[in-house]
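Let me begin by presenting the structure, written as structure tokens, before commenting on it.
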Amino acid sequence: MKKNISVIEGDGIGPEVMKQTIKILNLIAKKYGHNFYFKKTIAGSIAIEKFGTPMPKETIDTCLKSDAVLFGCIGDPKYDHNTKGIRPEDGLLELRKKMNLYCNIRPIVIYSEINKSPIKKELLNEVDFVIYRELTGGIYFGKKGRSKNEEEAYDYCIYSKKEIERIGEMAFRAAISRKKKVTLVDKANVLETSRLWREIIIKMALDYPEVNLDFLYIDNAAMQIIMNPKRFDVILTDNMFGDILSDESSVITSSLGLLPSASIGDNKSMFEPIHGSYPQAKGKNIANPLGCILSGSMMLEYFGMDKEKNILEKAVKNSIKKQICTQDIIDKKISSTTEEVGNYIEKYIKNQ
Ligand code: IPM
Ligand code: MN
């Protein structure tokens, strides 16, 4: 297969983890007779410096024309207290919106060999769930502003029936191929948007009789992820709640650096690790490349390349088993560098 893939390395550790990912994807293409054309394009704080915008039009056009986008991470602490001007994150939000990537999929998988989770080991047995986060609506994209005297601010949270239905369908379909359970996480005891979500999802569930639907308020869900994470299969939730729950869930797996994600629209897709730009680690060759590499594997799955995806995941599992890991998930004294982890995975696939 021939695939045009846009690559946005972004800020901080983005270029380092992306380098390992592309190296491995190139090998997979060669081994299985595919042509992957990677086209680098820029976004984030590096784009603000060069072009005055975190998401240049050319980048958006390149991404819209490609079969998929691989995204590293963006963000720079120098914008943290920038309450008025532009921020690198705005670029990511704009790209998600312009590509209409409404369904964000974040799998939460536990590797039993890794032992850096603050949660008791016995609570982690059999944990395997996935978050379906709505990504182009809600409070992230509602009208926002300040009153004239600047003493009041507002962010509207708006959801339409159509927005809820299209992600709902993705979540139900995912549940069918998994443990057949969807948990809708909302705040329907307070928010009107949550009540609309409940109405619509309850109706939709009638079309999926094999799927067991249950409900948790966000505050309770946040607690259950720590106390009883194995109760979950597919978590379906809105943009803001999904953002928060995915960082929380990453902690139970040991490291944010491990987790990939896919953002899917009707015919567009983007794959990115969940982690941020981790500026403290930039250039040190210590960042965990697995979140980005596994995002590459989600891209292979999206392309329908199941053999390729399986071998990549097998290689990643093997690297963990052999303790070829970065220092976020293993004792620093025996840890490997970003590059060494990438090299190990590359070599493993080569030798299969
Ligand atoms: C994420 C990130 C983004 C979000 C930021 C960088 C805008 O935290 O992908 O989870 O809030 O969606
Ligand atoms: Mn987040």
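The values are calculated or read from the model by the stated rules, or taken from the named source; none is laboratory data. Everything numeric in this text was worked out from a predicted model, so none of it was measured. With ideal geometry, Cβ positions are generated from the backbone for all residues, glycine too; neighbour counts draw on all protein chains shown. These area figures cover heavy atoms from the full protein model, side chains too; ligands, DNA and RNA do not enter into them. Shrake-Rupley method; radii C 1.70, N 1.55, O 1.52, S 1.80 Å.
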* Asked: In region 17-54, which residue that is under 22 Å from the mean Cα position of the chain (by Cα) and closer than 16 Å to Asp76 by Cα is most open to solvent (accessible area, probe 1.4 Å)?
  -> Ile46
* **Single residue of region 274-294 satisfying the filter (touching a residue at least 60 places away in the same chain (Cβ under 8 Å) and in a helix (DSSP H, G or I)) that is nearest to ligand 1 (Cβ to nearest atom)** => Gly291
* Yes or no: Ile119 hydrophobic (A, V, I, L, M, F, W, C) and either out of contact with any Leu (no Cβ under 9 Å at 6 or more places or on another chain) or within 16 Å of ligand 1 (Cβ to nearest atom) (or both)? -> yes
* Structure fact -> Conditions (1) hydroxyl-bearing (Ser, Thr, Tyr); (2) open to solvent by less than 10 Å² (accessible area, probe 1.4 Å); (3) over 20 Å from the mean Cα position of the chain (by Cα) -> Thr337 fails only (2)
* strands (runs of 3 or more DSSP E) completely within region 163-273 that count 3 or more residues being open to solvent by less than 10 Å² (accessible area, probe 1.4 Å) and within 16 Å of ligand 2 (Cβ to nearest atom) -> 260-264, 269-273
* So which of Gly75, Gly91 is of a type in the set (Gly, Ala, Ser), closer than 29 Å to Pro229 by Cβ and within 12 Å of ligand 1 (Cβ to nearest atom)? -> Gly75
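So that you can scan it fast, the table gives a plain yes or no per residue for (1) open to solvent by 10 Å² or more (accessible area, probe 1.4 Å); (2) polar (S, T, N, Q):
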position: Gln280; (1), (2): yes, yes
position: Ile286; (1), (2): yes, no
position: Gly291; (1), (2): no, no
position: Ser295; (1), (2): no, yes
position: Glu301; (1), (2): yes, no
position: Ile311; (1), (2): yes, no
position: Ala315; (1), (2): no, no
position: Asn318; (1), (2): yes, yes
* Determine the pairs where a residue that is on the phi > 0 side of the Ramachandran plot, located within region 303-325, has a partner that is open to solvent by 10 Å² or more (accessible area, probe 1.4 Å) with Cβ atoms under 8 Å apart, the partner being 6 or more residues away or on another chain. => Gln323/Glu113; Gln323/Ile330; Gln323/Ile334
